[in-house]
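The structure appears below as structure tokens.
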Amino acid sequence: MLRSKAFNLLKSIHLMSGQPKLAYKGIHPVIASHGHHSHRSVGYRQRYKTGAGSAGGRTLSAALTKAMSEKELPGLLILDIGGTYGVQENIVALLKKHFCLITMKEFLENKKEMSKKIQSVFVSECRPTVDQELLESLPNLKVIGNSGVGVDHLNLKMISNFGVKVTNTPHAVADSTADIGMALMLASARRLVEGSQIAISPHTKYFAVDWLGVEVTRATLGIIGMGRIGYKVAQRARAFEMKILYHNRKQRRKEEEQAVGAHYCEKMEDLLQQSDFVMLVVNLTPENHKMIGKKELGLMKPTATLINIGRGALIDQDALVEALQNNVIRAAALDVTYPEPLPRDHPLLKLNNIIITPHIGTATVQAIQMMAEEAIANMLAVLNGQPIPSEVFPK
Ligand SMILES: O=C(O)[C@H](O)CO
């Protein structure tokens, strides 16, 4: 297992009931910020559709005033934080053990009182929230705890210029994201979605031979990005007796290679040419935007399948539409697209050799719990001046 000491530490925090040893003794309000992927470029005031600037226009609720004034009080639950904003109640409960929670709505309505108190921002699963205006209004902000590994929705340089740290949750997401990669590969190979539609349709021939799938067992899998998640995919692929190729832009991973019997392709082109299944497992950076375009798709086998569990913008979607329409490749299976969700008239949605899931790589009961725990451990470490398990640095 590649689980780091830091992760073991945070697991042990979880096992303790009540206040962990690492817990910061003061109150650390957390803005539980919940936007939507497609709102990425919209300022936070618009996103929350509120009369921002109404500082002092309303009085604080009695409970919030109490929570903020009691030093040892772990926090305050804002009742509408649950289903309405997208963070599950058990996660809210977990955060409340360590922080005084404030929703964005509450912050905007009571800006004057809140702004100095807030030291942490909790960003739930790659939801964009932190813009310059928000940073300017939080003079004591120390850390943005991102729940999820990808931080492409955060402007790291800008945040760092405000002296604020960013953390993420690479350990918590690894298993569930690797699982969704395998699920997409198997579902696409065996045409599971079509099969299901046929099975439930009263009109279609049940035993059709014109929609045969392909086998995953003993096929060649090309993993682009042998990081923590890529490695877990490789471990799973071994059970299917797959030949595993991988490409990393920066670093060859000899230890992992040996552990799973993977072969390193220095050139991504070699991997593309040889693989039956190509899986993208990399974070999105300015350098790898549209790393899979017309040329790369053209290198793939006509029988190959492209799977993306990284970020939508890794693929040139126009080129993918064309490749799928013209059977340049067999199929695609995407858990991520650009934007999310795709507009209902997007050409990708009209194809039958594609499976699209709505960015559910970490959408499991276990993963979101672990992500919150990892984010909490990170944020507390920053506030306590301790070593930070997973800090993300601007490049
Ligand atoms: O970045 C991640 O960890 C996943 O995409 C969840 O947001």
#### Entry: Flag if ILE329 is surrounded by fewer than 24 Cβ atoms within 10 Å (Cβ to Cβ) and more than 15 Å from the chain's Cα centre (by Cα)
yes
#### Entry: Given (1) over 21 Å from TYR231 (Cα atoms); (2) over 20 Å from the mean Cα position of the chain (by Cα), number of the condition THR305 does not satisfy
(1)
### Message
Looking at segment 198-206, can you tell me whether even one residue there is among the basic types (Lys, Arg), surrounded by fewer than 21 Cβ atoms within 10 Å (Cβ to Cβ) and touching a strand residue (DSSP E or B) at 6+ places or on another chain (Cβ under 9 Å)?
### Response
no
### Message
Residue under question is ALA174, and the condition is that it be within 16 Å of the ligand (Cβ to nearest atom) and free of Cβ contacts under 8 Å to residues at least 24 places away in the same chain; does it hold?
### Response
no
## Note on the structure
Apart from one, (1) modelled with pLDDT of 95 or more; (2) at negative phi; (3) surrounded by fewer than 17 Cβ atoms within 10 Å (Cβ to Cβ) all hold for ARG218; the odd one out is (2)
### Task
Those residues that are outside any strand (DSSP E or B) and either within 16 Å of the ligand (Cβ to nearest atom) or over 17 Å from LYS165 (Cα atoms) (or both), I need them from segment 134-154; list them, please.
GLY148, VAL149, GLY150, VAL151, ASP152, HIS153, LEU154
### Task
Sort through ASN352, ASN327 and tell me the only one that's at pLDDT below 95, under 25 Å from GLY222 (Cβ atoms) and out of contact with any strand residue (DSSP E or B) (no Cβ under 6 Å at 6 or more places or on another chain).
ASN352
### Query
Taking the stated definitions as given, is GLU340 charged (D, E, K, R), under 25 Å from SER176 (Cβ atoms), within 16 Å of the ligand (Cβ to nearest atom) and assigned to a loop (DSSP other than H, G, I, E, B)?
yes
### Restricting segment 369-395 to residues that are touching a helix residue (DSSP H, G or I) at 6+ places or on another chain (Cβ under 6 Å) and under 19 Å from LYS96 (Cβ atoms), the residue that is modelled with the lowest pLDDT
ALA372
### Query
Restricting attention to segment 177-191, and to residues there that are away from the ligand (no atom under 16 Å from the Cβ) and either without any contact (Cβ under 8 Å) to a residue 24 or more places away in the chain or assigned to a loop (DSSP other than H, G, I, E, B) (or both), which single residue is surrounded by the fewest Cβ atoms within 10 Å (Cβ to Cβ)?
ARG190
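The values are calculated or read from the model by the stated rules, or taken from the named source; none is laboratory data. In this text, all values refer to a predicted model and were calculated from it rather than measured experimentally. Positions of Cβ are generated from backbone atoms using ideal geometry, with glycine treated the same way; all protein chains shown enter the neighbour counts.
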